[in-house]
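Just so you know, all these numbers are worked out from the coordinates, no wet-lab data involved. Keep in mind the model is a prediction, meaning the values are calculated, not measured. FYI the Cβ positions are ideal-geometry reconstructions off the backbone, even for glycines, and counts take in every protein chain you see.
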């Protein structure tokens, strides 16, 4: 008895379809296994390290809207501590001396020993650029930029600092800001409470006067960058999706 040709074709088609689905399933399982292993390996070897960027503080104005305390953008000489790791002690000392001479010639007296002390300051994170000279001449930016080989790890960046348009006038009322001490940091940091305005040990804080009384309002929300770091502590990228830009603090209006 002969089998119906149409039925035979259907059986062959079904067999081929099942074989194809089986092959696709096996391939999908293989790819998922490989991808899982790859992601697991990357998770074990790469980590995200946060780098904080201090936000501009709010301004202080009198009742007529005149700005009594403002912010200004200045040029800051910074050093990447991670890039110094590839230099021996003699090369590091030579770099510090060369940099100190260059900064001093630009009008901002700086010593090599002071630069070395800043680099050794552990209040800065391992991937933060360490400031060694603030408010330098713009010509120094060009000078260092044209001699990158002579200044490994050195970069001139822009940062916002406090400015007082009227100098020392009413300084006892307005107050001033300065680097946060460990005691101050401990008093404003609650390990059990998450805050967008969390302080880092190298931040500035209001020390006296209005700057201190209205610290919570004047302080902005720091920005955060997440660097992707491998097992050897080398930066291999940045997670742009998780980046948060800094937000300026609120202005404070006085009744005087």
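Quick notes
- Looking across the stretch 241-253, the residues that are within 30 Å of residue 59 (Cα to Cα) and not in a strand (DSSP E or B) come down to 242, 243, 245, 246, 248, 249, 250, 251.
- Criterion violated by residue 244 - all others in (1) farther than 12 Å from residue 53 by Cα; (2) without any contact (Cβ under 8 Å) to a residue 24 or more places away in the chain; (3) in contact with a strand residue (DSSP E or B) (Cβ under 6 Å, 6 or more places away or on another chain) satisfied: (1)
- Check on residue 236, assigned to a strand (DSSP E or B) and surrounded by fewer than 14 Cβ atoms within 10 Å (Cβ to Cβ): yes
- Residue tally, condition touching a helix residue (DSSP H, G or I) at 6+ places or on another chain (Cβ under 6 Å) and under 24 Å from residue 202 (Cα atoms), over the stretch 155-175: 3
- Taking the stretch 136-149 as the range and being surrounded by fewer than 13 Cβ atoms within 10 Å (Cβ to Cβ) and part of a loop (DSSP other than H, G, I, E, B) as the test, the residues that pass are 146, 147.
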